[in-house]
Every structure is written in structure tokens, then in C-alpha cells.
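Written below as C-alpha cells is the structure these notes are about.
Quick note: the coordinates plus some simple rules give every number you see, no bench work behind them. These figures come from a predicted structure and were not determined experimentally. Don't worry about glycine lacking a Cβ; one is built from the backbone with ideal geometry, like all the others, and counts go over all protein chains shown.
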Amino acid sequence: MKEQKHIHFVGIKGVGVAPLAIIAKEVGFTVSGSDIVDGFITDVILKKAGIIPLVGFEEMHVVGADLVITTGAHGGYDNEEVVYAKKNGIPVITQGEAVGKFMNGEILGAHDTIGISVTGTHGKTTTTALIAKILKDAHADPSWVIGTSEIPSLGSGGHFGKGQYFVAEADEYANEPVYDKTPKLLLQYPKIAVITNIEHDHPDVYATVDEVRKTFLQFANHLPKDGFLVTCGDDMQVQTLLKEFSGKVSTYGFSERNMFCIKNVSKSSEGISWNIMSEGKTVSLSMSVPGEHNAFNATAAYIVAMHCGVSDEDIKKSLLTFSGTKRRLEYVGQLPSGALLYDDYAHHPTEIQKTLDALKEKYPSKRIICVFQPHTYSRTKLLFDQFIDSLAISDEIIMSDIYSSKREAYDSTVSSAMLVERLFQYKPVILAKTLQDVVKYINQHHYGDESVIVTMGAGDIYTVANQILEHGSAPVVS
């Protein structure tokens, strides 16, 4: 692998692939990649890295490559560039395999790395970014792979550092949805692992939450004898997992049973602060980002950083300057009518609830308008009632059509209209089927400075933000 000079990335704009391409470029590889013409959130970081994606998928794009790294999207193994590479003896690996091989040095040539993998149903992107930032601020110069575009207080989602730590987000989704159902997180073999929480997500891969938990247990069991697990002891599925896990573990949460107990959480428009109590020692931490869930994410990061030898004072300073990540309660701008606009990746009821709660904490006197785009028929159907409960936290809902995945068939038994019909019993709600309908409705409604609008979902709902703002002022700092 280390003799390869040219790596080609199929689906290079994906949030899992773009960070790898940036790392490869920083190492010194020749990097090429292809994707569809549509704009995506990684366009900015790829351009900054000097990487210009080729438009479309063609055999000629792969000519001259020594290695092809492909995404599970865009046809996966059936993508014509992948098919051509295999026919012509060019090695092909998936994005999930590549993260593991980058971490263990098989591709990058750095064999003394200490892998830190962060997984869980919710919070893994933010927790991974927090760990990377703390280590960077402590001059450990870590490498990282984070499933997003930009982290304002850290940099892009991918970086190759000269230090020994390699911090990576670990996804429980299938390595290749059609041909290889192996969960991607099982392709990483870290020394330190974080499991933030466990819930039933991705029903197209996991039939039950028990299957999800067993996958996370298998991941934890990958740890070496001198490795250790950091996890939330308050989570019921985690508690079940720990009954079958015999390795070294540090738990955190509200319960006194945890080794690191979270106490005295204070939430305000300025952010959050809390105490961590462990073995008679109390540490006070603060962050400018809102939401109780971020106290949990940061506590996990604190435990990992402490284990890596970072002092409490350095961790405190680093947390204070963390400003969040792309598409995680990201402030976008202010509408001409006065309303504030945010964007968030939340697509699971638990994530929606935590995001809306965080906005209510930050803006207790304002109306929260949630613009929600459901993601996949299978998830919407499985968690229908939970979606109703979480969305009803907002003061008003603008519902877009379900963003369907190419990995699943159309399902006429569930729809956004059905969600709207149920929500109508609780809160003002309208169905804006297309993204253009969303933009038109918001621009015509003239939400004033008493309102906060948040676009929410894992599909392409984030693309409406600039359209909503384009006739008004430039984004301002809230």
C-alpha cells in the first residue's frame, strides 16, 4: 500500500470520503475523485485542499490510479469506475475499510499510531471533533477523520498530523449496502473506543435494537488488552452491553453508579456548564454551544483526553473555544425580516428532541419553527410516533417530503402528509412538499425577530438556507 502514489475516490464529496481525500493529499499522494455535479457541504474544504472533483462517473477517471476508494452510495461496487478498476487489477476498498487502513498505518505508512474511534447512534461527530480539538490544542498534532465538512474551531473534517493519535468517527452502517453488510465500525481496531449511546436507527440494516447493541459489543470486543472503552452508563442499551463486556471501561452520566458523574448542569443563552465528579475529585467545565447532550459529548472527550495525558486546565481552555461543527445546530444567518436561521443534521427523534430543547434553552422567549425533511421511508415508518412527539416540541412545523434513499424502495404506507395529519392535532404545521415550496413559504411568511427557524434533516434540506437568505443581509454573528 505505501508504494501507491495515486488514489482515486469515488463519491469524493461525501462527508465520509472527503476527509480521507484531504488526508491523502496532505500525506503527499496524488488525489483524484469523482462525484455528481450537485453542490455539497464538502465543496469548500475540497477546494481549499486543492482538490477539484471530476463530474460524473466514467472509466477514464480511474486510469492511472494505484488504489480506488469507493463509497457505498452511487452504486457502490456496481459503480462503473469501480467495475473498471476491478477488471483492470486496480485494488478497490470501501470508505469504511479505508478509515481502518488509514488508522493502522497500512496506507499512510505510520505504524505507531494510537487509534481512537468514536461511535454511537447520536453525538459521534461532535464527540470526535471535541477529542481532536483538545488533542490539537494540547500540541499532540493528531490525525482525524470526522464525518462532516468544516469544524470552525478545528479545521476541515480530515487532517494528517505528525502525532501518534488518529481520531476517527466510526459508523454502524453497512460497509457496502448491497454486497457487504459488515458494519463499518468493525473495520476499525482502535486502542480507545467511545460509545456515546445506542438506539434503533438504520432499520434497513438492523431489524431490532438488539442487533444494533450486539454490533457495538462486537466493536468493543475488538479492543486490545491494554485498550479501554468510554461509554454513557445512563444508557439502558449500554448497561446491557456492559454485562457482556469484560474489558476496561470508564462510564459517565448523571447516575451515581458512573465512574464520572455529571452534576449541576447549568443551561443558558450563553451555553452550558457542569461539574464532573470522579473519585472525590470535582472538575468544572463550560462550553458556548447549547444543549445538555453536549455536556455528555464533552464529558466523553474529557475522559479520553485525560487518559491521553492532557491536563484538566488544557481541556477546560479547549472546550471554551469549541464552536460546534458543520450542520450541528449551525448558525446560518439572519433573515431580512429579523428571524434567525439555523441548520441541523438531526434525522432521528432523539436528535430532533435534543436540538429543539437546545434552541429553547438558548432562545427562551422566541418561537421555534422547525423545517423538517424526513430521511428514508424505513426510518420514518419505524419511528413514526416518536417523530410526532419530538417535532411537537417546536412551536410550528414546516414539513417537506421524505428524502428517499436509493438503497430502499418507495413505500406508500408512510409519508410526510401522514406526519402532518398527526401533528396538526398538536401544533401549527404545513406541508411544503418540495424545497422550493419551503423557500417560497418562508420568504412569504416574513418571520420576525421573535422567531428562530431551523432546517433539519439528513437529506438536502440544508441547501435551502442560502436561497432563504439570498435576498437579504449576509449572515451575521448571533
>> So if I restrict to the alpha-carbon atoms in the chain, what is the Rg, and what is Dmax, the biggest pairwise distance, in Å?
In response: 21.8, 63
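Could you tally the net charge around T455, taking each other residue with its Cβ under 11 Å from the Cβ of T455, Lys/Arg +1 and Asp/Glu -1?
Net charge in that neighbourhood comes out at -3.
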>> Based on alpha-carbon centroids, what's the gap between the range 349-387 and the range 402-476 in Å, whole number please?
In response: 12
> Which values of log₁₀ I(q)/I(0), to two decimal places, follow from the Debye formula for the range 330-469 at q = 0.13, 0.15, 0.22 Å⁻¹ with a uniform point scatterer at every Cα?
Replying inline: -0.49, -0.66, -1.47
> Which listed residue (V37, I69, Y84) has the Cα farthest towards the positive end of the charge dipole for the range 1-93, taking +1 on Lys and Arg C-beta and -1 on Asp and Glu C-beta about the Cα centre?
Replying inline: I69
> When only Cα pairs under 8 Å and 6 or more residues apart are kept, what is the percent relative contact order across the chain?
Replying inline: 11
>> Only bridges whose two residues both fall in the chain count here: according to DSSP, what percent of them are antiparallel, nearest 5?
In response: 30
> Of the cross-linked pairs K25/K360; K191/K316; K281/K366; K225/K267; K48/K225, which ones have a Cα-Cα span greater than 31 Å in the structure shown?
Replying inline: K25/K360; K281/K366; K225/K267; K48/K225
> Which loop trypsin sites (Lys or Arg not before Pro) in the range 176-261, with loop taken from DSSP, have no more than 15 other Cβ atoms within 10 angstrom of their Cβ?
Replying inline: K225, K243, R257
> With each pseudo-label sitting 7 Å past Cα toward Cβ, what's the D449-N88 distance in nm, one decimal?
Replying inline: 6.0
